[in-house]
Amino acid sequence: MAANSKIEWTECTWNPVTGCTKISPGCQNCYAKRMARRLQAMGQPNYRNGFRLTTHAHMLELPLRWRQPRSIFVNSMSDLFHKDVPLEFIQQVFDVMRRAPQHRFQILTKRSERLLDLSPEIAWPENVWMGVSIENEDYTFRIDHLRQTGAKVKFLSLEPLLGPLSHLNLSGINWAIVGGESGPGARPVQQEWVTEIRDQCLSAHVPFFFKQWGGVHKKKAGRELEGRTWDEMPGSSKLAKA
Ligand code: SF4
């Protein structure tokens with residue numbers, strides 16, 4: 001189901017695909033996996049397969065029924081570019097997003113190779129923000145893949161941040177989000193990793209959003225960095241002011 005989201009950088013979620021498989025260290029404590037198991041236990045029909053990848057054709061047209069403009073995180077419970085999501089289904093998701101220009105759609109993937117491979121098969125609408133997740137220096141190649149796609153707005157989710165990212169190439173990147181891991185077993189983030197990324201964003205004029213310090217008690221840890229919050233977003237689009 002679609003739901004209002006507590007995620008700081010979006011407003012609601014839309015999950016035409018659910019379920020995933022782990023691919024890199026950032027997946028270790030996957031929130032979606034924990035949540036899918038919980039929803040399965042509660043008898044939610046879309047989670048009858050638990051965390052096994054499942055496409056939901058009946059969910060495709062949902063955003064068309066929402067008239068009020070919203071920021072929508074697409075597939076918070078999966079990865080749209082997972083190998084088991086057929087290209088035709090991905091194209092249907094993009095077609096719905098194109099037909100709902102009142103909304104801003106935010107997609108995140110760790111499957112940047114497939115994103116790049118399929119990019120020529122996708123008609124990239126203006127209202128789709130495409131992002132890749134990077135947890136440490138071993139995965140910065142995902143930024144290079146993203147840069148080569150046809151996405152109109154490109155962003156980075158540097159969360160859960162598990163190590164320093166001292167040499168980011170931010171050319172062609174429109175937004176960076178940073179966050180520490182939260183929840184059971186959270187791996188701690190270091191302040192200097194965060195300030196170093198912020199400083200790279202400032203010098204490259206890339207909007208910087210600091211989501212959270214994380215930890216087991218994420219509310220207590222808060223989201224202030226050096227005495228203030230950082231809530232910058234790509235500002236040129238009309239939707240950003242909606
Ligand atoms: S890619 Fe995302 S949804 Fe999939 S297992 Fe990793 S953290 Fe979870």
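Every read-out reported here was derived from the displayed coordinates using simple, explicitly stated rules and does not represent laboratory data. None of these values were measured; they are calculated from a predicted model. For neighbour counting, all protein chains shown are included, and Cβ atoms are generated from backbone atoms with ideal geometry for every residue, glycine included.
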| query | In nm, what is the difference between 0.36 nm times the number of residues separating PHE141 and ASP199 and their Cα-Cα distance? | reply | 18.8 nm
| request: Name the residue farthest towards the positive end of the dipole of the chain from the options PHE210, GLY235, LEU60, assuming +1 on Cβ of Lys and Arg, -1 on Cβ of Asp and Glu, about the Cα centre. | output: LEU60
| query | LYS83: which lysines have alpha carbons under 17 Å from its alpha carbon, excluding same-chain residues fewer than 8 sequence positions away? | reply | LYS22, LYS110
| field | Gaussian network model of the chain, Cα within-10 Å springs - most flexible of SER203, SER157, SER166 | value | SER203
| remark: Shape call for the range 26-131, from the Cα gyration tensor axes a ≥ b ≥ c (a/c under 1.5 means rounded, otherwise prolate when a/b beats b/c, else oblate), comes out oblate
| message | Need the list of aspartates and glutamates near LYS219 for cross-linking: C-alpha distance under 13 angstrom, and skip anything on the same chain fewer than eight residues off. | response | GLU8, GLU181
| request: Express as a percent, rounded to the nearest 5, the fraction of DSSP beta bridges in the chain (both residues included) that run antiparallel. | output: 20 percent
| Considering the chain as a Gaussian network with a 10 Å cut-off on Cα pairs, which listed residue, SER71, SER112, SER171, attains the greatest mean-square fluctuation? | SER171
| said: What is the sum of charges, Lys and Arg at +1 and Asp and Glu at -1, for the other residues whose Cβ falls under 9 Å from the Cβ of LEU162? | reply: -1
| request: Pop the C-beta distance of ASP231 and ARG48 into the FRET formula with R0 = 41 Å and round what comes out to the nearest 0.05. | output: 0.65
| query | If we sort 122-130, 185-193 on the protection proxy, mean other Cβ atoms within 10 Å, highest first, what's the order? | reply | 122-130, 185-193
| query | Based on DSSP H runs of at least 4 residues, each adding -39500 (n - 2.57), what is the mean residue ellipticity at 222 nm of the chain after dividing by all its residues, to the nearest 500 deg cm²/dmol? | reply | -6500 deg cm²/dmol
| query | Local charge sum around PRO86 (other residues, Cβ-Cβ under 13 Å, Lys/Arg +1, Asp/Glu -1)? | reply | -1
| For the chain, with only Lys/Arg (+1) and Asp/Glu (-1) charged at the beta-carbon, what is the dipole magnitude about the Cα centre, in debye rounded to 20? | 960 debye
| query | Under Stokes-Einstein, with the Kirkwood radius over Cα pairs standing in for Rh, what whole-number D in µm²/s applies to the chain at 4 °C and 1.567 mPa s? | reply | 71 µm²/s
| said: To the nearest 20 Debye, how big is the dipole of the range 4-143 about its Cα centre, given +1 on the beta carbon of each Lys and Arg and -1 on that of each Asp and Glu? | reply: 640 debye
